[in-house]
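Engineer: First, the structure itself, so that you have it in front of you.
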Amino acid sequence: MNKKEIFNIFKECGALEEGHFLLSSGLHSEKYLQAALVLQYPDKAEVLCRELVKNFKDEKIDVVIGPAVGGVVLSFQVAKIIGARSIYAERENDKMTLRRNFNIKPREKVLIVEDVLTTGASIKELVDLVRKNNGILKGIAALVDRSESEIFKDLKFVSLLKLDIKTYTQRTCPLCKRKLPLTKPGSRKMLKNFNA
């Protein structure tokens, strides 16, 4: 499957939105990729996840972990394809942690998955979580990499798409300067009391 075919799946699902968005990283963007609009279709999710796992077919992965919420469906689908356990980490007291009696056993081979990578902050926390639990990190896989630099140079990192979508701090955001309404994706809420 080539990049154009993959991008067309996102496009067909209306997953690329335009506006003024507050990303989970705290950065602002004029485009937002809502991977959940693709992952809501099990057949499309399976096609994309099969492409991702081709890069890890010889790794004998025991556990697939993703950050809640974006990585939950992805973790499940990837784990199903490769025959591994699927778990996810949740933010508690502003830190990614394993809850619900999920665990990573020492020496288990772990694959981290993410729907859309922007700053990599959540993934960095998962890397630390895997290492803290003495798991063996075999790699990181994302559907879309929209980061502006190579974040994981020392780890095996694979994405299906690399998109160059500019992000800004609130201070440098041209959309804020134009006083365009700010939306927090996922919640679909326009942020009230927004002062540019």
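The values are calculated or read from the model by the stated rules, or taken from the named source; none is laboratory data. Everything quoted here is computed from the prediction, not taken from an experiment. Every residue, glycine as well, gets a Cβ built from its backbone with ideal geometry; the counts of neighbours run over all protein chains shown.
Engineer: Can you name the residue in region 115-134 that is outside any helix (DSSP H, G or I) and more than 12 Å from the chain's Cα centre (by Cα) and, of all such residues, is surrounded by the most Cβ atoms within 10 Å (Cβ to Cβ)?
Structural biologist: N133
Engineer: Further question on the same structure: Which count do you get for residues in region 62-98 that are assigned to a loop (DSSP other than H, G, I, E, B) and either at pLDDT below 95 or at positive phi (or both)?
Structural biologist: Of the residues in that region, 7 qualify.
Engineer: Return yes or no: is A84 buried (at least 17 other Cβ atoms within 10 Å of the Cβ), in contact with a strand residue (DSSP E or B) (Cβ under 7 Å, 6 or more places away or on another chain) and either in contact (Cβ under 8 Å) with a residue 60 or more places away in the chain or more than 18 Å from A35 (Cβ to Cβ) (or both)?
Structural biologist: Yes.
Engineer: Shifting gears a bit: Based on this model, can you work out whether V78 counts as touching a strand residue (DSSP E or B) at 6+ places or on another chain (Cβ under 7 Å) and β-branched (V, I, T)?
Structural biologist: yes
Engineer: Can you spot a residue in region 49-56 that is in contact with a Gly (Cβ under 7 Å, 6 or more places away or on another chain) and either small (G, A, S) or in a loop (DSSP other than H, G, I, E, B) (or both)?
Structural biologist: No, region 49-56 has no match at all.
Engineer: Here are the criteria: (1) in contact with a helix residue (DSSP H, G or I) (Cβ under 6 Å, 6 or more places away or on another chain); (2) of a type in the set (V, I, T); (3) assigned to a helix (DSSP H, G or I). Tell me which single one I6 does not satisfy.
Structural biologist: (1)
Engineer: What is the number of the single condition among (1) more than 15 Å from the chain's Cα centre (by Cα); (2) surrounded by 16 or more Cβ atoms within 10 Å (Cβ to Cβ); (3) free of Cβ contacts under 8 Å to residues at least 60 places away in the same chain; (4) farther than 20 Å from I112 by Cα that E5 does not meet?
Structural biologist: All conditions are met except number (2).
Engineer: If a residue has to be farther than 13 Å from L48 by Cα and either without any contact (Cβ under 8 Å) to a residue 12 or more places away in the chain or crowded, with 22+ Cβ neighbours inside 10 Å (or both) to count, how many in region 62-75 make the cut?
Structural biologist: Within region 62-75, residues that are farther than 13 Å from L48 by Cα and either without any contact (Cβ under 8 Å) to a residue 12 or more places away in the chain or crowded, with 22+ Cβ neighbours inside 10 Å (or both) number 7.
Engineer: If E30 meets every condition in (1) free of Cβ contacts under 8 Å to residues at least 60 places away in the same chain; (2) of a type in the set (D, E, K, R); (3) surrounded by fewer than 22 Cβ atoms within 10 Å (Cβ to Cβ) apart from one, which number is that one?
Structural biologist: Only one criterion in (1) free of Cβ contacts under 8 Å to residues at least 60 places away in the same chain; (2) of a type in the set (D, E, K, R); (3) surrounded by fewer than 22 Cβ atoms within 10 Å (Cβ to Cβ) is unmet by E30, namely (1).
Engineer: Being assigned to a helix (DSSP H, G or I), on the phi < 0 side of the Ramachandran plot and surrounded by fewer than 22 Cβ atoms within 10 Å (Cβ to Cβ) is the requirement here; does K11 meet it?
Structural biologist: yes
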